[in-house]
Amino acid sequence: MLLSISACGTTCSAAGAGASCVWADDRTIAIFFGDSPTLMPGVALALKPDVIMNKAGNSYTASGTAMVAAPALPLPTVAALSAAAAVGPCDALTLDASASSGGGGRAMTYSFAVTAAAADASSVSVAIADAAAAGPVIVLGADALTPGVTYTFSVRVTDYAGGTSVSSAVVTKGQYPKPIAQVLGGSARAARRSEAVNLEADATLPDAGCAAAAGAFVGAGITFQW
């Protein structure tokens, strides 16, 4: 290995498993990232001591450092939050930001939040904090939301270079069971005129097995219309 990275000792492990350094020409070294790289802008790269010489092998070895810069043309980060518009009193709520894009193949971070115009949403914020993990999907239990209240959930998606995007979804916690339906991949899409747009939805029957829905009738099938 021709390079060392100050943030990770004497190896190029920050460039990912299977990374390699290749001479692009007599003066330029190209680094090809491997799987799951963690190298970040601002990290110092240094030539490995006592390795690089002239072609004849009779010169002093080269030395030097360079700072990793952010991408000149970073891929835009686009957040996409999917959630059912309404859930019944016995139903859990899934907040799914897995359709978010960007990051150039690297892992992104997800920060969820909630507000409610006519109610205190602090207990839901606590439930989000308890449910949140490193991934893009969280599930809030049926008792986390208050029936009759409309909530606005949001997710902020941030990539390794600091690029960020926010998406939101409005969810009403119903007092009676109703079908749970959502458009997967978020409610907003951007596409060129020449591109086909595929929409996929998910619909399920509500749960009516809790005390809050005692006596409620739930049918055996679902009809839908776009």
So, R0 is 35 Å and r is the distance between the beta-carbons of residue 117 and residue 198; what FRET efficiency does that work out to, to 0.05? 0.55
Per residue of segment 38-43, in order, report the coupling 6.51 cos²θ - 1.76 cosθ + 1.60 (Karplus, θ = phi - 60°) as ³J(HN,Hα) in whole Hz, putting x for Gly and Pro. 10, 4, 10, x, x, 7
May I ask what percent, to the nearest 5, of DSSP beta bridges between residues of the chain are antiparallel? 95
Under 13 Å, Cβ to Cβ, from residue 106 - net charge with Lys/Arg +1 and Asp/Glu -1: -2
Report, by chain and number, residues whose modeled amide H sits under 5 Å from the one on residue 85, excluding near sequence neighbours (fewer than 5 apart, same chain). 181
Neighbour counts of other C-beta atoms within 10 Å: give me 153, 217, 33 arranged from fewest to most. 217, 33, 153
Can you tell which of 110, 60, 151 shows the greatest fluctuation in a Gaussian network model of the chain with Cα springs below 10 Å? 60
For residue 45, distant residues with modelled amide H under 5 Å away: 66, 67, 68
Run the numbers for residue 22 and residue 56: contour at 0.36 nm per residue of separation, minus the present Cα-Cα distance, in nm. 10.4 nm
Which one, (i) 21.2, 70; (ii) 25.1, 90; (iii) 19.6, 66, gives Rg and Dmax of the Cα atoms in Å as derived from the coordinates shown? (ii)
Between helix 122-131 and the chain: long-axis angle, C-alpha atoms, 0 to 90°, nearest 10: 50
Relative contact order of the chain: what whole-number percent is it, with Cα pairs under 8 angstrom and at least 6 residues apart? 19
Per-peptide average of other Cβ atoms within 10 Å, ordering 36-44, 205-213 highest first: 205-213, 36-44
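Coordinate-derived values only; no laboratory data. Quantities reported herein were computed from a predicted structural model and do not represent experimental measurements. Neighbour counts run over all protein chains shown; Cβ positions are idealised from the backbone, glycine included.
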